[in-house]
Amino acid sequence: MPLRADTDSNPGLHRQTLSGIPGVRLDVFLADAGLDISRSQAQRLIDDGLVDVSGATRKANYRLRPGDTVGVVIPAPEPVMALPEDMPVKILYEDEYLVVVDKAAGMVVHPASGNYTGTLVNALLHHCGKLSSIGGELRPGVVHRLDKDTSGVIVLAKDEKAHMALADMFKAHILSREYVAVATGNLRDNEGTVTVSIGRHVTERKKMSPITFSGKEAITHYRVLERFGAATYVALRLKTGRTHQIRVHMAHIGHPLAGDRVYGGTPVAKVLGMKVGRQMLHAGLLGFNHPVTGEYMEFTSEPPEDMQRLLKYLREKA
């Protein structure tokens, strides 16, 4: 049976045809195909008759066979615009081209489905008046991101030329980025490098993982700053910038970050004897050449109060 959606008569619908991966569930394949949809969204598209396999409708649990092609129609999203909001934000630097912020833990960087207010973008639209339009109506000015519960230095673009130049720097990995984190357990080596590819987890779609169908190169360098027995204070430098990279890599080597509920840190963090409310990860340094003047600029931020409190506790206990 053909797709029920008529793309010719409805310009809000756009069809894509993809080559299937044999053995993979249809919903899993769609969620991992770079369409920016979750597994549950993929299942809804299948249920709504917006997906076919080689011209025939299939259920979400259908496993693709050699030679299968997957046709998918994704309705255009309803337009939503990020609005300015008067919220406190710590500005480290600002000029007509960009703004550098020390982001607080708990603040989402940009609006997204189900979370359209209270983000850093909302705050900066109020503070700056405008951000680069390249990121779209929900992600204006956003060149890179920090997780909601990761604190620290982040740069956003106010100007389109600056945005494109900064984006090229991130893509080429020619910026300086250093994080500090409290990892559970006692790392064996004083320094090292994790080189494990990362992609969307094959079954747990909200997680990133080395267990994936489409992993991308990910490189993290780490260096021990202090040892506490039950935990280790580490500095981490990114060669690449994959989603959740540090959290995934530290969990992969057996030392998830204290307080990381997604990647396994919470049960281990309990042995620290102190409640940890978020992953203990802080973007402490960001350095780059100014996208217009070419001048090298470097911005630093001390770990926030909750991480300082944990470090103080660990030092006293060690």
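Overview of values
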{"read-out": "For segment 148-182 versus segment 302-318, the gap between their alpha-carbon centres in whole angstrom", "value": "26"}
{"read-out": "Expected 222 nm ellipticity per residue - DSSP helices of 4 or more, -39500 (n - 2.57), all of the chain, to 500", "value": "-5500 deg cm²/dmol"}
{"read-out": "Signed unit charges on C-beta, dipole axis of segment 90-172, positive-most listed residue G141, A112, L92", "value": "A112"}
{"read-out": "Residues whose placed amide H lies under 5 Å from that of G199, excluding near-sequence neighbours", "value": "S209, K216"}
{"read-out": "Long-range tail of P(r) for the chain (Cα pairs > 34 Å, %)", "value": "33"}
{"read-out": "Nearby lysines by direct alpha-carbon distance to K171 (threshold 23 angstrom, same-chain neighbours under 8 apart not counted)", "value": "K103, K148, K158, K161, K207, K216, K239"}
{"read-out": "Computed over the chain: relative contact order in percent, which uses C-alpha pairs under 8 Å that are six or more apart", "value": "13"}
{"read-out": "Between segment 114-132 and segment 43-103, the alpha-carbon center distance in angstrom", "value": "20"}
{"read-out": "Whole-Hz ³J(HN,Hα) from phi, Karplus 6.51 cos²θ - 1.76 cosθ + 1.60, for segment 223-228, glycine and proline x", "value": "9, 6, 9, 8, 10, 10"}
{"read-out": "Given charges at beta-carbon only (K, R positive; D, E negative), |dipole| of segment 90-172 in Debye", "value": "160"}
{"read-out": "Straight-distance crosslink candidates among lysines, where the alpha carbon sits under 22 Å from K317 and sequence neighbours closer than 8 are dropped", "value": "K270, K275"}
{"read-out": "Other-chain or far-sequence residues with amide H under 5 Å of L92's (modelled H)", "value": "V100, V101, D102"}
{"read-out": "Crossing angle, helix 160-172 versus the chain [Cα axis fit, 0-90 degrees, rounded to tens]", "value": "80"}
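No lab work stands behind these numbers, since they all come straight from the coordinates. As the structure is a computational prediction, the values presented were derived from the model and not from experiment. Methodologically, a virtual Cβ is constructed for each residue, glycine included, from the backbone with ideal geometry; neighbour enumeration extends over all protein chains shown.
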